[in-house]
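The values are calculated or read from the model by the stated rules, or taken from the named source; none is laboratory data. Since this is a predicted model, take the numbers as computed values, not measurements. Quick note on the areas: whole protein, heavy atoms, side chains included, nothing else; ligands and nucleic acids left out. Shrake-Rupley method; radii C 1.70, N 1.55, O 1.52, S 1.80 Å.
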Amino acid sequence: MIHPLTTLLSLSPLLSAAAASSSQANIYATHYNGNVYALSLTQRHNDAYKLDLVSSLKACGPMPSWLTVDPDLHLLYCSDETGDPKTNGSVSTLSISDKGGSLKEITTTEVPGGGVHSVIYGGEDGKRYLAIAHYGGASLSTYTLPLKPNSKPHQFIPYKLSKPSPNPQQAISHPHQVLLDPTSTYIISPDLGADEIRIYAIQKSTGKLSPCPSIGGFPRGAGPRHAVFWTPPASLSRFAPVGHVPGRGGETTLYTVNELNGRMNAYEVVYPSASGDDDKEKEKEKEKRGNDEGEEEEEGENCPIFKHIQSFVPYPDETLPEGASLSAVVAAGSNIYVSIRTDQAFAPNDSVVTLSRQEDGTVKVEDLVSSGGKVPRTMAVNREGNLMLVGDQSSARVVVLERDVKSGELGGVVASLDVGEEGEVGTAEGVGSVVWVE
């Protein structure tokens with residue numbers, strides 16, 4: 001007979017090992033070297049974090065850029081940023097293993113080149129679609145899910161500028177992001193080349209996008225890059241990222257960051273049901289559109305209105321260091337965060353700015369912390385809200401920053417890991433994107 005104490009003692013190493021790891025999260029990162037990396041973040045019983053490499057996968061074409069999480073099906077959609085407009089790129093579907101979180105490429109679909117961002121949206125009868133912004137291909141495309149090797153675009157929307165800028169970065173249209181609004185009814189796309197933010201209404205019956213009046217009024221050379229919606233705490237929209245929740249007119253704010261002139265803008269979002277069909281307000285917005293497409297578009301019905309409420313440089317003293325630029329913007333709680341590339345505020349590392357949201361929707365700078373590396377390209381807050389994930393492109397580094405859930409204050413680096421080769425600043429090298437899968 002085995003004594004109970006002997007059994008307990010024999011099990012004690014296993015019990016200790018289980019207690020040592022109180023929580024775990026999967027993180028995925030793309031690298032422009034053609035690999036997608038799977039990482040595991042573990043928190044020990046003493047609150048220390050450890051970031052480990054689980055696996056790497058050669059996938060997503062020669063330039064893996066953006067990862068979009070499909071939580072319903074435990075998949076990732078990975079865009080290839082192959083930038084030659086004459087060359088098609090691809091989007092790959094990656095499955096996530098239940099054991100360890102490693103990845104497997106299950107299909108690759110040919111798409112227009114230059115895919116830098118994508119988002120999932122829904123239609124009627126449970127149908128689902130993927131919208132992709134093609135930076136190099138000067139276009140936006142949508143695909144019916146699930147993707148197949150021979151999938152054709154559900155919709156393809158090319159852009160042609162009637163007045164190209166002498167600025168090389170604005171010689172053609174450059175959609176840089178596709179973002180679903182908190183009501184899952186509209187998609188917006190900041191266009192760095194056209195100096196406008198394109199707005200589309202989702203036609204639920206067909207899954208196609210109908211154009212709404214764009215957000216114009218940007219000075220030439222502004223270069224809107226990314227945007228984020230903020231709404232008061234409520235239940236999450238099905239396809240909205242963490243931190244984005246449903247809201248109606250007067251409650252929702254859109255924040256945008258410009259890559260070229262370093263300014264941030266805030267807009268109060270007024271939805272059709274809350275606008276009271278104010279024709280005068282709509283006419284004012286139309287005058288400020290500043291659309292620059294070569295093609296003629298019909299304006300969609302039931303479109304939101306974006307009332308401009310703020311424009312400023314989101315940096316201490318409202319002055320960016322020479323050569324610095326805004327990159328990513330995310331929302332969590334009552335805070336907005338903006339990553340700053342090449343400001344070298346914490347040399348050799350760059351920074352992340354914390355902004356606090358005021359009651360009128362405007363924001364103000366609260367703090368500046370190190371991003372833990374060079375050229376912070378993408379960021380994401382975890383579901384619990386206590387950690388900020390940063391992809392430092394040129395350092396080829398995945399960084400986890402501490403975040404105070406109540407105050408929104410960012411702390412220091414709690415874990416980091418270099419993946420792949422470092423990239424030269426100002427080139428398409430290094431880490432492209434980072435995401436949580438929780």
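Couple of notes before you dig in:
- Cα convex hull volume per residue for segment 58-168 (Å³): 114
- Karplus-derived 3J(HN,Hα) values for segment 389-403, using 6.51 cos²θ - 1.76 cosθ + 1.60 with θ = phi - 60°, are 9, 10, x, 8, 4, 5, 6, 6, 10, 9, 10, 10, 9, 6, 9 Hz; glycine and proline are entered as x.
- Rounded to whole numbers, the Karplus 3J(HN,Hα) couplings from phi for segment 339-352 are 8, 10, 8, 6, 8, 6, 5, 10, 2, x, 9, 9, 9, 10 Hz, using 6.51 cos²θ - 1.76 cosθ + 1.60 with θ = phi - 60°, and x at Gly and Pro.
- Largest first, the residues Leu103, Leu260, Leu355 sort by 1.4 Å accessible area into Leu260, Leu103, Leu355.
- Checked against a 30 Å cut-off, the cross-linked pairs Lys204/Lys374; Lys163/Lys307; Lys58/Lys152; Lys148/Lys204; Lys307/Lys364 give Cα-Cα distances beyond that limit for Lys204/Lys374.
- Amide H within-cut-off set for Lys160, under 5 Å, with H built and near neighbours excluded: Gly294, Glu295
- With θ taken as phi - 60° and the Karplus curve 6.51 cos²θ - 1.76 cosθ + 1.60 applied, the whole-hertz 3J(HN,Hα) list for segment 47-53 is 6, 7, 9, 9, 10, 10, 7 Hz, x standing for glycine and proline.
- With all projection directions averaged, the alpha carbon convex hull of segment 130-227 covers 6.7 nm².
- Rounded to the nearest 10 Å², the accessible area of Glu438 at probe 1.4 Å: 120
- In this structure the amide hydrogen of Ser371, modeled in the peptide plane, comes within under 5 Å of the amide hydrogens of Asp350, Ser351, Val352, none closer than 5 places in sequence on its chain.
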